[in-house]
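Okay, structure first, notes after.
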Amino acid sequence: MSVFTEAEIEYFAGQRLGRIATVGPDGQPHVVPTSFRYSPEHDAIEVGGLRMSQTKKVRDVRHSGRAAIVVDDVLPPWQPRMIEVRGTAEVVPDGGKALRDNFEDTIIRIRPRRIISFGINPDEEAASARSVNPG
């Protein structure tokens, strides 16, 4: 059973861009747009890109073992939706080709520890937040 709701998994499948946040060794935050996918095999979010192994986000994850990602959009006329996933993160040497054929194989895998969503789950009128225990 997934830590994500069915509605959250469907939302991820319909989105192409997220924003990953990491923290460098100097304590400075770093946020950049990125490609991602939900991995049902690992029940995690996987982040990839063209030169992934050379990026600051990979260096930061190697240092801290943590990352967060936000995926959001706005439906007309004004219906914001979002999911924030905070968790432990690891650099994995393969899996990038599952996002796009021309991506480097290196990915960041974020295993959720905290999930915050808004406008995704049915009957949700306010943001919902929940902690997730490691599986």
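The values are calculated or read from the model by the stated rules, or taken from the named source; none is laboratory data. Predicted model, so just to flag it, every value in this text is computed and none were measured. All Cβ positions, even for glycine, are placed from backbone atoms using ideal geometry, and neighbour counts span all protein chains on display. These area figures cover heavy atoms from the full protein model, side chains too; ligands, DNA and RNA do not enter into them. Shrake-Rupley method; radii C 1.70, N 1.55, O 1.52, S 1.80 Å.
Asp101 exposes around 130 Å² of accessible area when a 1.4 Å probe is run over every protein chain in place. Short-range pairs are left out: with C-alpha atoms under 8 Å and at least six residues apart, the relative contact order of the chain is 23 percent. For the stretch 27-86, applying the loop criterion from DSSP together with a ceiling of 16 other beta carbons within 10 Å to the chymotrypsin sites (Phe, Trp or Tyr not before Pro) yields Trp78.
Using the Cα centre as the reference, give the magnitude of the dipole from point charges on the C-beta atoms of the chain (Lys, Arg: +1; Asp, Glu: -1; all else neutral), rounded to the nearest 20 debye.
Rounded to the nearest 20 debye, it is 580 debye.
Rounded to whole numbers, the Karplus 3J(HN,Hα) couplings from phi for the stretch 118-123 are 8, x, 9, 7, x, 6 Hz, using 6.51 cos²θ - 1.76 cosθ + 1.60 with θ = phi - 60°, and x at Gly and Pro. Other residues whose C-beta falls under 15 angstrom from the C-beta of Pro25 contribute a net charge of +3, scoring Lys and Arg +1 and Asp and Glu -1. Counting protein heavy atoms only, the stretch 22-135 has 51 percent of its accessible area on carbon and sulfur, 1.4 angstrom probe. Each of the GluC sites (Glu not before Pro) that DSSP puts in a loop and that has at most 10 other Cβ atoms within 10 Å breaks the chain; the longest unbroken stretch is 42-124. Over the chain, accessible surface divided per residue gives 57 Å², non-protein components excluded, 1.4 Å probe.
For the chain, report the % of Cα-Cα distances exceeding 27 Å. Don't skip to the answer; put the middle values down first.
Numbers: 1543 of 9045 pairs.
Of all Cα-Cα pairs in the chain, 17 percent lie more than 27 Å apart.
Each of Arg59, Arg16 has its accessible area taken with a 1.4 Å probe; listed largest first, they run Arg16, Arg59.
Rounded to the nearest whole Hz, the Karplus-based 3J(HN,Hα) values (6.51 cos²θ - 1.76 cosθ + 1.60, θ = phi - 60°) of the stretch 46-51 follow the sequence 10, 10, x, x, 5, 10, with x at glycine and proline.
Taking amide H atoms as placed 1.01 Å from N in the peptide plane, the amide H of Arg66 lies under 5 Å from those of Ala89, each 5 or more residues away in sequence or on another chain.
Estimated from helical segments only, the mean residue ellipticity of the chain at 222 nm is -3500 deg cm²/dmol, where each DSSP H run of four or more residues counts as -39500 (n - 2.57).
Rounded to the nearest 0.05, the FRET efficiency derived from the C-beta distance between Arg130 and Arg100 at R0 = 35 Å is 0.70. Protein-only accessible surface at a 1.4 angstrom probe places the residues Met82, Met52, Met1 in the order Met1, Met82, Met52, largest first.
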